[in-house]
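Here the structure comes first, spelled out in structure tokens, and everything after it is commentary.
The values are calculated or read from the model by the stated rules, or taken from the named source; none is laboratory data. Quick caveat, the model's predicted, so the values are computed rather than measured. For neighbour counting, all protein chains shown are included, and Cβ atoms are generated from backbone atoms with ideal geometry for every residue, glycine included. The protein model used for the area step is the full one, side chains on, heavy atoms only, and it has no ligands, DNA or RNA in it. Shrake-Rupley method; radii C 1.70, N 1.55, O 1.52, S 1.80 Å.
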Amino acid sequence: MQPRYLSVRQTAARFSVSVPTIWRWVKEKRFPVPVKLGPSCTRWSVDDLEKWESSCRRHSP
């Protein structure tokens, strides 16, 4: 199966936050690091996002 990737806008929409929030979370090391697919193509792996979501659920009360 081919890896699936989301743009920063798609990633922000998935979590109902703004694009700057995604970048702030990455900078603060609170969010998965994106993958650089080309000189001007940065994407998030859906698999990485799903793992992060799962980890958040395990650590919430």
State which residue is most open to solvent (accessible area, probe 1.4 Å) when the search covers only the range 42-61 and only residues that are in contact (Cβ under 8 Å) with a residue 24 or more places away in the chain and not in a strand (DSSP E or B).
47
Of the residues that sit in the range 11-41 and are in a helix (DSSP H, G or I), without any contact (Cβ under 8 Å) to a residue 24 or more places away in the chain and of a type outside the set (A, V, I, L, M, F, W, C), which one is most open to solvent (accessible area, probe 1.4 Å)?
27
